[in-house]
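Peer 1: Got a structure here, written out as structure tokens. Questions coming.
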Amino acid sequence: MNVLLTNDDGVFSDGINQLAVFLKDYYNVVVVAPDRERSAVGHAITMHKPLRINKIKDDDNLKIFYANGTPSDCVKLGIDVVMDKKPDIIISGINNGFNLGTDVLYSGTVSAAMEGAINGYPSIAISLEAGTKLSDKAMLYIKKLIDNVVQNGLPKNCLLNVNIPNVSGEFKGIKITKLGHRNYTENFTKRIDPRGMDYYWLAGKVLENANDEDSDIIAVKNGFISITPIQLDLTMYSFIGNLKNWDMSI
């Protein structure tokens with residue numbers, strides 16, 4: 001089975017390399033990842049400069065490349081340029097830090113999996129609680145999930161968003177969840193550069209919103225691995241009828 005692996009933390013990050021080394025014992029793994037950190041770039045693609053691909057490793061079951069593009073660029077390059085055979089599945093991760101709730105709209109990790117789904121491939125985004133290491137049990141579960149997705153398939157234009165909490169002992173289990181709500185206080189720290197000009201660092205703090213028990217945010221908070229099916233269609237169908245009744249004649 002052919003696996004295309006990417007991320008938004010960059011090709012040298014611990015998460016993607018740990019996952020690649022583990023998966024190569026079971027599948028043919030091709031890594032195409034950004035040459036540097038590309039967190040929070042969303043679904044950006046590169047249109048106004050050339051993209052370049054460089055090879056780091058070329059072993060039997062593991063090939064590693066990096067590109068000077070975004071996570072979504074890397075998925076496109078992996079499918080169209082790098083891989084001799086099309087992937088059976090696309091994995092984005094393992095991200096250093098959760099991608100929960102509304103954060104998925106900013107996430108390069110989730111957007112890379114979205115790009116895979118747009119191109120018709122079963123895709124999974126995987127994120128781990130920041131600053132923690134993935135346990136052997138969690139790694140084996142990821143393999144089980146990959147096998148399940150390939151065997152059972154996913155609906156068209158659907159991907160899975162997986163978040164793994166750091167727990168001192170055993171995971172409490174798996175929860176199939178919906179996206180929660182996550183907001184930040186927009187705390188910009190103002191500083192002065194050596195030339196006396198103002199500049200700002202975005203340093204927002206997460207607000208503890210009320211979330212339903214079946215949300216991804218509550219699941220990981222309680223020690224469960226969260227799996228959320230995400231669809232690409234953002235249309236609010238329930239509002240279409242009301243909108244049609246507005247007077248918008250020209």
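The values are calculated or read from the model by the stated rules, or taken from the named source; none is laboratory data. Computed from a prediction, not measured in an experiment: that's the story for all the values here. Neighbour counts are summed over all protein chains in view; Cβ atoms, including those assigned to glycine, are modelled from backbone coordinates with ideal geometry. Accessible surface areas use protein heavy atoms only, side chains included; no ligands, DNA or RNA. Shrake-Rupley method; radii C 1.70, N 1.55, O 1.52, S 1.80 Å.
Peer 1: What dipole magnitude, in Debye to the nearest 20, does the chain give about its Cα centre under +1 on Lys/Arg Cβ and -1 on Asp/Glu Cβ? Could you put the intermediate results ahead of the total?
Peer 2: Details: 26 positive and 29 negative charges, 49 e Å.
Dipole of the chain, to the nearest 20 debye: 240 debye.
Peer 1: Can you list the residues of segment 17-39 with backbone N under 18 Å from a point 7 Å past the Cα of LYS133, pointing along Cα to Cβ?
Peer 2: 17-23
Peer 1: About the Cα centre, and with charges only on the beta carbon of Lys, Arg (+1) and Asp, Glu (-1), how big is the dipole of segment 1-96? Nearest 20 debye, please.
Peer 2: Here the size comes out at about 280 debye.
Peer 1: Under the rule of -39500 (n - 2.57) per DSSP H run of 4 or more residues, summed and divided by the residues of the chain, what mean residue ellipticity at 222 nm is obtained, to the nearest 500 deg cm²/dmol?
Peer 2: -6500 deg cm²/dmol
Peer 1: Apply 1/(1 + (r/R0)^6) to the Cβ-Cβ distance of LYS86 and GLU186, taking R0 = 51 Å, and write down the FRET efficiency to the nearest 0.05.
Peer 2: Working: r = 42 Å, r/R0 = 0.82.
With R0 = 51 Å, the Cβ-Cβ based efficiency is 0.75.
Peer 1: Another question, if that's okay. Ratio of the chain's C-alpha Rg to 2.2 N^0.38 Å, to two decimals?
Peer 2: Here the Cα radius of gyration is 1.08 times the empirical estimate.
Peer 1: Sticking with this one: For segment 150-178 and segment 106-127, write down the distance between their C-alpha centroids in whole Å.
Peer 2: 14
Peer 1: Can you tell me how much longer the chain between ILE176 and ALA210 gets when fully stretched, taken as 0.36 nm per residue apart minus their C-alpha distance, in nm with one decimal? Numbers along the way, then the final one.
Peer 2: On the way: separation 34, 0.36 × 34 = 12.24 nm, distance 1.87 nm.
Roughly 10.4 nm would be gained on extension.
Peer 1: Right, another one. Evaluate the distance, in nm, between pseudo-label points positioned 7 Å from the Cα of ARG52 and of GLN18 along their respective Cα→Cβ axes.
Peer 2: 3.2
Peer 1: Then there's this: Summarise the accessible area of the chain (1.4 Å probe, protein heavy atoms) by the percent that is carbon and sulfur. Provide the component values of the computation, followed by the final result.
Peer 2: Details: 7290 of 14050 Å².
The computed percentage sits at 52.
Peer 1: Further question: If you scale each eigenvalue of the Cα gyration tensor by 5 and take the root, what three semi-axes come out for segment 162-204, rounded to whole angstrom and sorted largest first? Please list the in-between numbers first.
Peer 2: Values: eigenvalues 321, 41, 10 Å².
With the √(5λ) rule applied to segment 162-204, the semi-axes are 40, 14, 7 Å.
Peer 1: Report for the chain the percent antiparallel among DSSP-assigned beta bridges with both residues inside it, nearest 5. Numbers along the way, then the final one.
Peer 2: Working: 19 of 48 bridges.
For the chain, the DSSP antiparallel bridge percentage is about 40.
Peer 1: Let me have the relative contact order for segment 170-250, percent, based on Cα pairs under 8 Å that are six or more residues apart. Please list the in-between numbers first.
Peer 2: Values: 104 pairs, mean separation 29.0, N = 81.
Once divided by the residue count of segment 170-250, the mean separation gives 36 percent.
Peer 1: If you don't mind, another one. What pairs in LYS143/LYS221; LYS133/LYS221; LYS24/LYS49; LYS175/LYS244; LYS76/LYS244; LYS86/LYS156 have C-alpha atoms more than 27 Å from each other? Before the final figure, lay out each step's value.
Peer 2: On the way: LYS143/LYS221 23 Å; LYS133/LYS221 17 Å; LYS24/LYS49 33 Å; LYS175/LYS244 38 Å; LYS76/LYS244 37 Å; LYS86/LYS156 17 Å.
In this structure, LYS24/LYS49; LYS175/LYS244; LYS76/LYS244 exceed 27 Å between Cα atoms.
Peer 1: Tell me the relative contact order for segment 59-128 as a rounded percent, counting alpha carbon contacts under 8 Å between residues six or more apart. Please report the intermediate quantities before stating the final value.
Peer 2: On the way: 78 pairs, mean separation 26.2, N = 70.
Reported relative contact order: 37 percent.
Peer 1: Please work out whether segment 85-192 counts as rounded, prolate or oblate from its C-alpha gyration tensor, where a ≥ b ≥ c are the square roots of the eigenvalues and a/c under 1.5 means rounded, while otherwise a/b larger than b/c means prolate and anything else oblate?
Peer 2: Here segment 85-192 falls in the oblate category.
Peer 1: Then there's this: Taking the Cβ of LEU179 as the centre, find all other residues whose Cβ is under 12 Å away and add up their charges (Lys, Arg: +1; Asp, Glu: -1). If you can, show how the numbers build up before the last one.
Peer 2: Numbers: positive: LYS178, ARG182; negative: ASP103, ASP212, ASP214, ASP216.
Taking every Cβ under 12 Å from that of LEU179, the sum is -2.
Peer 1: Given segment 148-250, what whole percent of its Cα pairs are spread farther than 15 Å?
Peer 2: Taking all Cα-Cα pairs of segment 148-250, the fraction more than 15 Å apart is 77 percent.
Peer 1: What trypsin sites (Lys or Arg not before Pro) in segment 3-99 are in a loop by DSSP, with at most 12 other Cβ atoms within 10 Å of the Cβ? Mind showing how you got there, number by number?
Peer 2: Details: sites: LYS24, ARG36, ARG38, ARG52, LYS55, LYS57, LYS63, LYS76, LYS85; in loops: LYS24, ARG36, ARG38, ARG52, LYS85.
Within segment 3-99, the qualifying trypsin sites (Lys or Arg not before Pro) (loop, at most 12 other Cβ atoms within 10 Å) are ARG36, ARG52, LYS85.
Peer 1: Taking a probe of 1.4 Å, how large is the accessible area per residue of the chain, in Å²? Kindly include the intermediate steps, with their values, before the conclusion.
Peer 2: Details: 14050 Å² over 250 residues.
Per-residue value: 56 Å².
Peer 1: Defining a contact as two alpha carbons under 8 Å apart and six or more residues distant in sequence, what relative contact order in percent does the chain show? Write out the running numbers ahead of the final one.
Peer 2: Values: 531 pairs, mean separation 41.9, N = 250.
Contact order relative to length: 17 percent.
Peer 1: Using 1/(1 + (r/R0)^6) with R0 = 30 angstrom and r between the beta carbons of ASN166 and TRP201, what's the FRET efficiency to the nearest 0.05? Walk me through the numbers before you get to the answer.
Peer 2: Working: r = 26 Å, r/R0 = 0.88.
The value I calculate is 0.70.
Peer 1: Assign unit charges at the C-beta atoms only (+1 for Lys and Arg, -1 for Asp and Glu), then state the dipole size of segment 173-250 relative to its Cα centre in Debye, rounded to the nearest 20.
Peer 2: Rounded to the nearest 20 debye, it is 260 debye.
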